[in-house]
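Down below is the structure, laid out as structure tokens.
The values are calculated or read from the model by the stated rules, or taken from the named source; none is laboratory data. It should be emphasised that the depicted structure is a prediction, and the values quoted were computed from it without experimental measurement. Here the Cβ positions follow ideal geometry from the backbone for every residue, glycine too, while neighbour counts run over all protein chains shown. Only protein heavy atoms, including side chains, enter the accessible area calculation; ligands, DNA and RNA are left aside. Shrake-Rupley method; radii C 1.70, N 1.55, O 1.52, S 1.80 Å.
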Amino acid sequence: MSSHCRALQSHRNSDYVVSLAYGELWNMLGQYRQAIEYWLPLIQLFNDNLGPQHIDSIQHMDLVAHVYFKSGRYDQALEIEISLHENNQRVFGEEHQQTLISKNNIATILEKMGRGNEALHFRQLVLEIYKRVFDEEHPYTLQSICNLASTFIELGRYNEGLDLEKPLVETSKRMLGEEHPDTLSRIQSLADTFRKLHRFSHSLDLEQPLLETFKRVLGKEHPKTLSLIQNLAATFGELGRYNEVLDLQQPLVEGSKRVLGEEHPDTLSRIQGLAYTFRELGRYKEALDLVQPLVETSKRVLGEKHLDTLRRIYNLAQILIVLSRYKEALDFVQPLVETSERILGEEHLDTLNRVHTLVFTLGNLSRYKEALNLVQPLVETSKRVLGEEHPTTLSRIHTLAYTFRELGRRKEALDLEQPLVEASKRVLGEKHLDTLSRIHDLALTFSELSRYNDALNLQQSLLETSKRVLGEENPTTLSRIQNLAHTLGQLSKYKEALDLEQPLVKTSKKVLGEEHPDTLYRIQKLAATFRKLGQFKDAFDIEQTLPESLRNFQGPKTRSGIPPVDPDLHKKRRKTI
């Protein structure tokens, strides 16, 4: 036996076993940085003694790459996997299983780095080889189809993903059985795709019976069962059934703490999901109480630059925004944008969302010039990256129009708003909440430009749609009644304005309360209308219902405010975190 082999054998019997075991323990606990500290020296050990092309060296390099990947250090993971792939091609050949595994690993890392089109090239190549070397129903081929579908979905090509997943599930049932773990995993992926296509009832029809199967086959607290509960909660959330979401998430978090540990990355994700549900239920204090320590834990466990940590900082900023704590939110969002640009790139979707949130925050601090300097290039980038009529691009055009308007540049706002409304109707539909919000703001711009008849034509039809879609007592509907009454007043149609304002005040008292700022403003506007009609006693009587200190109350702005900035803020529909 050579001296190198004897040294390696000795290491295997002592330090090697300890390093491997401790690394595996830290890996299982989700403490990836500690796992890397134990496993990284093993690469050098095996490379020095056996060479980088030996199967043991390859396996240990793959272990370290896997942990780099899970810890969000994608550049390091990719560097190792590319090196492995080159070795495998040279030693085993292009069609060897080991080479194909490294191709798949490279594709998975590229997906996480937002380089989906590069990942797609690898996935398609692997599938072609598996079909040629094995056959179309071989387990390796089926898994490769599953991976390709996943990449299509990462690229937002949901229908192409779905076209692969539906027959894959049926083939998997026939070849492996209805309760085989791979079959169950593929049914779960199909349910996820239905959710992304907003076909929530289809998703629910798969997930609910699947959960019962998982519980029976794997156990109630198996990690895969916990993951499915998390997905089922997301589907209920998409349907706005937040109380049911809460009933799933609270025991899920406790189970995850018990099974995986309080600081395991999956547990942290589930705490984040619970915080989001609290936010959707208006329980902002409880959401904040979860997210603030979660951010600190994520920084410690995963690192300050890990993508999950960055998402949690972003979610913390969003809660602060909902609480109107804009200065505190700004302290998080500004450095977050800089970090995202550096780590992910200026055109990564997460970076663009965070820039939009920064614009939103600056706007709410009345820093409109700074907001404009950010939102103009953001719109152009969004058009290039996502497309001119992508819903997110439309949202950013809406924000740009709002910013122009707040700077008094109403003609420029109008030039954006008119085509935006038409695009929104075409892309989202005439009754979509975002479309209604854009019609609302267009009408207000007409009003500010003294084009009251144009405003009136929009506001009358908008009000009818709002009543039908949102309900007659919804606060947004009430704001639109108020705006219509204002426009009628501008056209000296005081009697028609009065017919709207009198019931509006009663409803506002009932829905919002007698001391809500909107109610107080509406009382004041009603008094002003009576005065314009010469009914001074009625005006005086109404004004006396206001506290003395509030009789000159100016009321809130009637605009809808800066539009929703991205899928994770001020949601019109449920979106997963």
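Descriptive notes on the structure:
- Counting only Cβ charges, +1 for Lys and Arg and -1 for Asp and Glu, the dipole size of segment 103-225 around its Cα centre is about 260 debye.
- Between segment 168-189 and segment 65-98, the alpha-carbon center distance in angstrom: 28 Å
- When the residues 285, 103, 467 are ordered by accessible surface, computed with a 1.4 Å probe over the protein chains alone, the sequence from largest down reads 285, 467, 103.
- Estimated vicinal HN-Hα couplings, Hz - segment 107-123 in sequence order (Karplus 6.51, -1.76, 1.60; Gly, Pro = x): 4, 4, 5, 4, 4, 5, 8, x, 9, x, 5, 5, 4, 4, 4, 5, 4
- For segment 419-431, 3J(HN,Hα) computed residue by residue from phi via the Karplus equation (6.51, -1.76, 1.60; θ = phi - 60°) reads x, 4, 4, 5, 5, 5, 4, 5, 7, 9, x, 5, 9 Hz, glycine and proline entered as x.
- Dipole-positive endmost among 80, 107, 181 within segment 49-182 (Cβ charges, Cα centre): 80
- 5 Å binning of all Cα-Cα separations within segment 461-505, expressed as whole percents from 0 upward: 6, 26, 31, 23, 12, 3
- Three-way shape call for segment 492-549 based on the alpha-carbon gyration tensor, with the a/c threshold at 1.5: oblate
- Percent of Cα-Cα distances greater than 14 Å, calculated over segment 410-461: 48 percent
- With all protein chains modelled, accessible area of residue 492 [1.4 Å, Å²]: 80 Å²
- Per-residue 3J(HN,Hα) values for segment 268-277, derived from phi via the Karplus relation 6.51 cos²θ - 1.76 cosθ + 1.60 with θ = phi - 60°, read 4, 5, 6, 5, 4, x, 5, 4, 4, 5 Hz in sequence order (x marks Gly and Pro).
- Cross-link pairs beyond the 25 Å C-alpha cut-off, checked among 112/220; 131/220; 285/383; 215/285; 305/327: 112/220; 131/220; 285/383; 215/285
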